[in-house]
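As C-alpha cells, the structure follows; a few thoughts come after it.
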Amino acid sequence: MNKNKVYIETYGCQMNLADTEIVLGILQNNGYSVTNNSDAADVILVNTCSIRENAEQRIYGRLGNFKAIKDQKPDLIVGVLGCMAERLRSDLVDRKKIVDVVVGPDEYRRLPELIDVAFNGDKGIGVKLSKTETYDDIIPHREDGLQAWISVMRGCDKFCTFCVVPFTRGRERSRSMDSVIEEVKQLAARGFKEVTLLGQNVNSYNDEDSASAGDFADLLAACAQVDSSVRIRFTTSHPQDLSDKLLYTISEHSNICNYIHLPVQSGSNRILELMNRTYTIEHYLQLVEKARKIIPGVSFSTDIISGFPTETFEDHIMTLDVMRAVRYDGAFMFKYSPREGTKAFRMEDDVSEETKTKRLQEIINLQQQISFELNQELIGKEEVVLIEGFSKKSDKFLSGRTDTNKVVIVPVDNKIKPGDYIKVKIHRATSATLFGDFSGLVNLVQESLSLIG
Ligand code: 5AD
Ligand code: SF4
C-alpha cells in the first residue's frame, strides 16, 4: 500500500486519548504509519467528543480547515471517530461533505476495512455499539515517555440525565485483569513511571471471567504490585460506588496516588435527583470524611455543572457550600449544555445564558481561592515529586507532580533527571503551581511515595 500515512487529532477526555492509541495500534498492524503533519497525510482522522455543544462546534470548525486541504488533494480521506461519529452518524457525511469515514468507539477494529471502502469511492460507516468490545488484545501505539493511560473499562450504565456518554459509548464492560496487568508490566519495563487506569465509572469495574477475577480495588492492588516505582492513578469515580475496600487499597499501597476525582456536579439534593446522580450531598460529604480518615492527606478533585434546568440561586449557593466543605484541590467546571437524546434535553433549559455564566464564574473564582489557600499551606513542607521534564516556561527549571497531582517547579540540577522521584522543599505557591528546591532523592525501598510529614 502506498497511501499509508495517517494523521490523527484527538479531542475530549483521557478516554479518547487512550482510544487514539488503540486506533493507531490497529492501523499500524495494517501497514499504516503515523505522521504529525496533516499536509503529508493520506488519511486524516479526528477523534471527537460530544459531551458539550461547544466541543462539537470546535470540531466542526476543525473539519472546515481540513476541507481546505481536501480541496487541494481530492484523494485525501477524512474520517470522524468517537462520540460525534456515534451521535451524528451519516448526518456527518451528508452535512459535512468532506467526511468519508465515520466510525464509533466500538468499531475501531473495522477501521482499516472502512478506510479501504472510502479509498474505493464509497463512504465507510461503522457505528454499531457492542456489549463486549474492550480491545483487550490490541497493543496501543505509545510513544516512549513517563506517563501512560490504560482504559480498563468502556461505556457507562449510570445515565445521568445530562450526559450523552451512555448513548455514544454504550454499556459498561470491563477488560480482563490479566491483560491490564500485563500492559502495566510492559509499560514498567519500557521505563514508564505513571499509569492512569481509565473508565467513565471505574468503580464498576468487574472482571468476572478470567482466572484472576476481581473488582476495581483488586485490579488497583494488582497494578500497584507490578513495580513500586510506577505510580498508579485512576479516574473517574462515581460517589455511589466508591467502596471502603477501594479506600483501604489506596491507603495500603504507597504507589497508588492519594488523589480521588469524585465528581459532585451540584450541591443541591433536588438538582442531584433531577440529574439522576443517585446520592445525596450528605452521603457525598460522609464519603469524603471517611476517605480522609482512611487515607490521611488524600486530595480530591471534582466536576461541577452550573445552570442545570430549574437551578435556583439557592441551589447554586449549595454548590458553593459543598466546595467550601470539601475544599477540592482542583475542579473541572462547566455550564450546562443540553444534549439531544438525554433525559435532561426534554427539560426546559430555563437558566439564562447570562446566569449560567455568572454562576460558573463564581464557582471558578471560589475554586481558585481554595486551590491557592491549600497550596499556601504547603509552603515550608517537603513533597515527593516525580520529575517529568523541563518546565513549560524555561529550560532552567524542571517540572514534576506530587502524588496529589500538583505541579511542582524546581531549578535544574545535575543530580536529577526525568523519571526520578525527588524530595522538594516548597517555598512559594500559586493556585496552580508549587515552587521549591531539591532536597534529596527518594529511596523507594525505604520511603513511601506518598506525602511526607
Ligand atoms: N453539560 C455540561 N457538562 C456536562 N458534563 C457531562 N455532560 C454535560 C453537559 N450536558 C460534565 C460532567 C461530567 C464531565 C465529564 O462533563 O460534569 O462529570
Ligand atoms: Fe456521564 Fe454520569 Fe456516566 Fe459520568 S457517570 S459518563 S456523567 S452518565
List the cysteines in the chain whose Cβ has no other cysteine Cβ under 4.7 Å from it. Cys13, Cys49, Cys83, Cys156, Cys223, Cys257
Computed from the beta carbon distance with a Förster radius of 22 Å, FRET efficiency for Asp303 and Tyr60 to the nearest 0.05 stands at 0.35
Extension gain from Glu362 to Arg327, taking 0.36 nm per residue of separation minus the Cα-Cα distance: 11.1 nm
Hey, got the dipole for the stretch 5-126? About the Cα centre, +1 on K and R Cβ, -1 on D and E Cβ, debye to the nearest 20? 300 debye
Under 13 Å between alpha carbons, and skipping anything fewer than 8 positions from Lys245 in its own chain: which aspartates and glutamates qualify? Asp215, Asp218
Using Cα positions and a limit of under 25 Å, work out the lysines in reach of Lys96, with same-chain residues fewer than 8 apart set aside. Lys3, Lys5, Lys67, Lys70, Lys73, Lys123, Lys128
Sequence-distant lysines (8 or more away, or on other chains) whose Cα lies within less than 23 Å of Lys356: Lys335, Lys343
For the stretch 5-126, what class follows from the C-alpha gyration tensor (a ≥ b ≥ c being the square roots of its eigenvalues): rounded when a/c is under 1.5, otherwise prolate if a/b is larger than b/c, else oblate? rounded
Provide the FRET efficiency to the nearest 0.05 for the Ser212-Leu441 pair, computing r from the beta carbons and using R0 = 25 Å. 0.15
The summed charge of the Gly267 Cβ neighbourhood (under 15 Å; Lys/Arg +1, Asp/Glu -1) stands at -3
Fewest-first ranking of Leu220, Leu114, using other Cβ atoms within 10 Å as the exposure measure: Leu114, Leu220
Would you please give the FRET efficiency between Thr280 and Asn30, computed as 1/(1 + (r/R0)^6) with r the Cβ-Cβ distance and R0 = 45 Å, to the nearest 0.05? 0.35
Amide H neighbours of Ile256 at under 5 Å, excluding residues fewer than 5 places away on the same chain, with H built from the backbone geometry, are Ile232
Taking the Cα-to-Cβ direction at Gln369 and at Gln240 and moving 7 Å from each Cα, how far apart do the two end points lie in nm? 3.3 nm
At Glu354 and Lys290, where each label point lies 7 Å from the Cα along Cα→Cβ, what is the point-to-point distance in nanometres? 4.5 nm
Sequence of Cys257, Cys83, Cys156 once ranked by neighbouring C-beta atoms within 10 Å, starting from the fewest: Cys156, Cys257, Cys83
Test item: Cα-centred dipole of the chain, Lys/Arg +1 and Asp/Glu -1 on Cβ, debye: 840 debye
Per the rule of 0.36 nm per residue minus the C-alpha distance, extending Asn2 to Phe313 adds in nm 105.9 nm
Express in nm, to one decimal, how much length is gained between Arg428 and Arg110 on full extension, taking 0.36 nm for each residue of separation and deducting their alpha carbon distance. 109.3 nm
Tell me, what is the percent relative contact order of the chain, built from C-alpha pairs under 8 Å that lie six or more residues apart? 10 percent
Output wanted: per-residue J couplings in Hz (rounded whole) for the stretch 344-354, from phi through Karplus 6.51 cos²θ - 1.76 cosθ + 1.60, θ = phi - 60°, x for Gly and Pro. 5, 4, 7, 7, 6, 7, 9, 8, 5, 4, 4
Rg to Rh, two decimals, where the chain supplies the alpha carbon set and Rh follows Kirkwood: 0.97
How big is the equivalent ellipsoid of the stretch 1-52 along its three axes, where each semi-axis is √(5λ) from the Cα gyration tensor, reported in whole Å from largest to smallest? 21, 13, 7
Apply the Karplus curve 6.51 cos²θ - 1.76 cosθ + 1.60, θ = phi - 60°, to the phi angles in the stretch 218-227 and return the couplings in whole Hz, x for Gly and Pro. 4, 4, 4, 4, 5, 5, 5, 6, 4, 7
Shape call, the stretch 382-452: gyration tensor on alpha carbons, a/c limit 1.5: oblate
For the stretch 134-148, what does the Karplus curve 6.51 cos²θ - 1.76 cosθ + 1.60, with θ = phi - 60°, yield as ³J(HN,Hα) per residue in whole Hz, taken in order and with x for Gly and Pro? 10, 6, 3, 9, 7, 8, x, 7, 10, 5, 4, x, 10, 10, 9
Residues with amide H under 5 Å of Ser210's amide H, sequence separation 5 or more or different chain, H placed in the peptide plane at 1.01 Å from N; which? Met177
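Computed from the coordinates by the stated procedures, all read-outs in this text should not be read as laboratory data. Keep in mind that what you see is a predicted model, and the values were worked out from it rather than measured. Counting neighbours? That spans all protein chains shown, and the Cβs are built from the backbone with ideal geometry, glycine included.
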